[in-house]
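Report on the following structure.
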Amino acid sequence: DGFKNINDRHGHDLGDHLLRHVATRMKLALREGDTLARIGGDEFVAVLIDLDDSQAAVPLLDRLLSAAGEEVQLGDVSLQISASLGVTFYPQVEAVEADQLLRQADQAMYLAKLAGKNRFYFFDAENDRSTRGHFESLERIRNALAAQEFLLYYQPKVNMRTGAVIGVEALIRWQHPDRGLLAPALFLPVIEEHALAVVVGEWVMDTALSQMEHWQNDGLVLPESFNVSVNVGARQLQQGNFVAFLQTLLAAHPQIRPAQLEVEILETSALSDLAGLSRLIDDCHRLGVLFALDDFGTGYSSLSYLKHLRVSVLKMDQSFVRDMLDDPDDLAILRGVIGLADAFNRRVIAEGVETEAHGRRLLEMGCELGQGYAIARPLPAQAFPQWLQHWQQNPVWGVADVALAARSA
């Protein structure tokens with residue numbers, strides 16, 4: 001737990017020394033006949049034999065946690081970390097292969113982290129069997145990526161006051177051969193804590209930039225400030241090579257200016273390492289890539305984010321926008337976010353602009369940028385040029401702007 005912070009603060013050499021010390025102590029905590037192996041990064045796997053049930057395993061698991069949590073003195077630096085353990089058992093009611101056992105243990109480990117870290121968590125095979133039908137397996141998602149079953153839809157972002165189209169947000173969909181077109185909520189949670197999330201995230205960024213090039217090569221004239229925004233998850237951001245990946249990606253798409261790529265990150269992504277995320281954003285900003293803070297207002301450290309993170313745009317969460325016409329509290333939150341954006345010199349955009357009335361009220365509060373069903377639903381790539389050709393500003397929003405100007409005068 002928290003090993004990345006050790007590397008970031010003290011360097012990889014010291015981090016490697018720490019890993020060796022912790023590995024030695026964990027190995028000494030095991031019994032003869034048990035096996036401990038490092039499978040990559042800061043992850044280890046242990047094969048523990050002759051344990052009849054979960055209760056018999058508890059003393060050994062406690063010893064592993066204690067060994068991992070002992071203080072380590074390396075030169076003049078004193079370090080102490082903890083570990084999260086995921087545990088599964090063999091045999092099971094259903095036949096399982098070795099790689100499936102590893103996935104079960106991996107899933108349980110992340111549940112241990114979510115539960116507070118420095119603890120162990122048992123994989124619940126019975127519960128897994130009962131809920132397995134609700135989720136696609138990691139392997140199925142990996143195969144879908146290889147079979148090119150994923151595609152991107154694009155939802156326009158506009159200036160509601162002027163009618164200008166400022167960009168699109170790329171949104172992944174799964175064209176499932178049996179279940180039809182699937183929304184991301186039906187499959188992305190399965191890979192959120194898995195390395196596959198990084199692979200899918202990189203595919204989204206590459207595909208979005210390729211589509212921008214296709215539009216331009218087909219003669220579509222895009223506004224100068226037009227950009228495509230992509231959602232990047234916490235796991236992808238935490239990869240040590242994220243900036244290098246961006247450099248390689250931009251080099252592979254020379255027609256796209258760096259400022260035409262906007263990376264959207266969830267406000268909650270920064271909770272664990274605000275300083276590290278700030279450095280990463282600064283590095284990407286030097287490349288020319290823009291950042292937006294998504295679902296702003298749903299987290300707990302908004303003022304700290306605005307102070308430390310070099311983001312260009314705040315995206316107001318659609319849950320607040322959707323209910324703003326009926327809920328005074330949501331309306332007050334939106335007013336507060338718009339005020340913060342103005343005070344910190346950030347642009348602000350509203351998601352979930354579902355009706356004409358939503359857009360009018362947002363304009364009255366000083367929020368000009370929006371996306372949502374009142375503007376356009378997410379569109380297949382081939383449908384966007386036609387939408388762009390026929391898009392016109394809602395005349396009522398223009399009237400709202402005139403009325404606001406009159407009141408200001």
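Each value in this text was obtained by applying a stated rule to the coordinates, not by laboratory testing. What you are looking at is a predicted structure, and each value in this text was computed from that prediction instead of being measured. For neighbour counting, all protein chains shown are included, and Cβ atoms are generated from backbone atoms with ideal geometry for every residue, glycine included.
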Amide H within-cut-off set for Leu85, under 5 Å, with H built and near neighbours excluded: Arg119, Phe120, Tyr121
In order through segment 225-235: 3J(HN,Hα) via Karplus (6.51 cos²θ - 1.76 cosθ + 1.60), integer Hz, x for Gly, Pro: 8, 5, 9, 10, 9, 10, 7, 10, x, 4, 5
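For the pairs Lys27/Lys113; Lys4/Lys157; Lys4/Lys117; Lys113/Lys307; Lys4/Lys315, flag any whose C-alpha to C-alpha distance is greater than 26 Å. Working shown, then result.
Values: Lys27/Lys113 22 Å; Lys4/Lys157 36 Å; Lys4/Lys117 15 Å; Lys113/Lys307 28 Å; Lys4/Lys315 28 Å.
Pairs exceeding 26 Å: Lys4/Lys157; Lys113/Lys307; Lys4/Lys315.
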Folded to 0 to 90 degrees: helix 242-252 orientation relative to the chain principal axis, Cα: 50
For segment 138-408: relative contact order, % (alpha-carbon pairs under 8 angstrom, 6 or more apart): 20
Fewest-first ranking of Tyr121, Tyr154, Tyr110, using other Cβ atoms within 10 Å as the exposure measure: Tyr110, Tyr121, Tyr154
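I need the chymotrypsin sites (Phe, Trp or Tyr not before Pro) found in segment 300-363, filtered to DSSP loop residues with at most 11 other beta carbons within 10 Å of theirs. Can you show the working numbers first?
Working: sites: Tyr300, Tyr305, Phe320, Phe344; in loops: Tyr300, Phe344.
Within segment 300-363, the qualifying chymotrypsin sites (Phe, Trp or Tyr not before Pro) (loop, at most 11 other Cβ atoms within 10 Å) are Tyr300.
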Exposure proxy order (Cβ contacts within 10 Å, fewest to most) of Ile265, Ile256: Ile256, Ile265
Fraction of the pair-distance distribution of the chain above 39 Å, Cα-Cα pairs, percent: 30
Highest to lowest packing among 212-225, 162-175, scored as the average C-beta count within 10 Å: 162-175, 212-225
Note, ³J(HN,Hα) from phi for segment 13-19, Karplus 6.51, -1.76, 1.60, rounded to Hz, x at Gly and Pro: 4, 5, x, 5, 4, 4, 4
Label point distance in nm, Ala115-Arg20, each placed 7 Å from Cα along Cα→Cβ: 3.4
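Which percentage, to the nearest 5, of the DSSP beta bridges contained in the chain is antiparallel? Display every interim value, and only then the final one.
Numbers: 24 of 48 bridges.
Once the DSSP bridges in the chain are tallied, antiparallel ones form about 50 percent.
Assuming a viscosity of 1.306 mPa s and a temperature of 10 °C, what translational diffusion coefficient in µm² per second does Stokes-Einstein assign to segment 3-132, Rh being the Kirkwood radius over Cα pairs?
On the way: Rh = 15.8 Å.
Answer, rounded: 101 µm²/s.
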Using alpha-carbon coordinates, inclination of helix 328-343 to the longest axis of the chain, degrees: 90
Per-residue ³J(HN,Hα) for segment 350-360, Karplus 6.51 cos²θ - 1.76 cosθ + 1.60, θ = phi - 60°, Hz, x for Gly and Pro: 9, 8, x, 6, 8, 9, 4, 5, 4, x, 4
The chain - mean residue ellipticity at 222 nm from DSSP helices (-39,500 (n - 2.57) per run, n ≥ 4, rounded to 500): -14000 deg cm²/dmol
